[in-house]
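Following: one structure in structure tokens, then a few remarks.
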Amino acid sequence: MESSSHGVAVSVTILLAVILSLMPLSGEWIVWKPNFLLLVVLAWVLRWPDEFGVFFAAAVGLLADIVLRTAIGHSIFIFALCGSIVILVGRWTKYLSPLQRMLLVAMILGLAGLLEASVYMFYERPSGIEQLPMKMVLSMLAWPFIERLVIRFTPRRG
């Protein structure tokens, strides 16, 4: 795949994730919304760890901070940490089944949720840690669709 179409594919998936992240939900559903931007970052880093690494994850984290109106650096740290974890285990992921990849992503999202909640608790703000298990389940349900979308945009790696 040419680099220009590669950039278009990444841009389209990130734009779709931004739209899904900004889509309004009512009531209790708002706290259970998956972090679509983080899921897209994890999908790209899992698929192409040599091209999309920690700096890509941090850049999308900056975008998440701006779009979601959080403190600058909050999402950057979480996204970069999750991206580096994926890079560390990246060699083994090609041997994992789809269910195992989904569980790996769920564990990474759980870690991200715990880190995010601890930052909120440090500043004595509501952390939302009670909703973390349900948020992880909904993220696991969204993961196969996001992974399929990224795979569809890219050729098989060698």
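The values are calculated or read from the model by the stated rules, or taken from the named source; none is laboratory data. Computed from a predicted structure; not experimentally measured. FYI the Cβ positions are ideal-geometry reconstructions off the backbone, even for glycines, and counts take in every protein chain you see.
Applying the criterion of being without any contact (Cβ under 8 Å) to a residue 40 or more places away in the chain and within 12 Å of the chain's Cα centre (by Cα) to the residues of region 54-63, the residue that is surrounded by the fewest Cβ atoms within 10 Å (Cβ to Cβ) is Phe56. All conditions in (1) surrounded by 14 or more Cβ atoms within 10 Å (Cβ to Cβ); (2) modelled with pLDDT under 85 hold for Trp29, with the sole exception of (1).
Within region 65-85, restricting attention to residues that are at pLDDT 90 or above, surrounded by fewer than 20 Cβ atoms within 10 Å (Cβ to Cβ) and among the aliphatic types (A, V, I, L, M), the residue that is farthest from Val150 (Cα to Cα) is Ile66. Of everything in region 131-149 that is loosely packed, with under 14 Cβ neighbours inside 10 Å and aliphatic (A, V, I, L, M), the residue that is farthest from Tyr120 (Cα to Cα) is Leu141. Figure legend. Inter-residue proximity from region 40-53: first residues farther than 17 Å from Leu16 by Cβ, second residues polar (S, T, N, Q), beta-carbon distance below 6 Å, spacing 6+ or different chains. Indicated pairs: Leu46/Thr93.
A single entry from Leu104, Leu42, Leu62 fulfils the requirement of being at pLDDT 90 or above and over 17 Å from Arg148 (Cα atoms): Leu62. Of all the criteria given as (1) acidic (Asp, Glu); (2) within 13 Å of Leu38 (Cα to Cα); (3) loosely packed, with under 13 Cβ neighbours inside 10 Å, the one not satisfied by Glu124 is (2).
Results for (1) touching a Gly at 6+ places or on another chain (Cβ under 8 Å); (2) free of Cβ contacts under 8 Å to residues at least 12 places away in the same chain; (3) of a type outside the set (Asp, Glu), shown as yes or no for each residue.
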{"site": "Asp65", "(1), (2), (3)": "yes, yes, no"}
{"site": "Thr93", "(1), (2), (3)": "no, no, yes"}
{"site": "Leu99", "(1), (2), (3)": "no, yes, yes"}
{"site": "Ser118", "(1), (2), (3)": "no, yes, yes"}
{"site": "Met121", "(1), (2), (3)": "no, yes, yes"}
{"site": "Gly128", "(1), (2), (3)": "no, no, yes"}
{"site": "Pro133", "(1), (2), (3)": "no, yes, yes"}
{"site": "Ala142", "(1), (2), (3)": "no, no, yes"}
{"site": "Thr154", "(1), (2), (3)": "no, no, yes"}
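Screening region 46-158 for helices (runs of 4 or more DSSP H) wholly inside it with 3 or more residues that are over 23 Å from Ile14 (Cβ atoms) and not aliphatic (A, V, I, L, M) returns the ranges 98-122.
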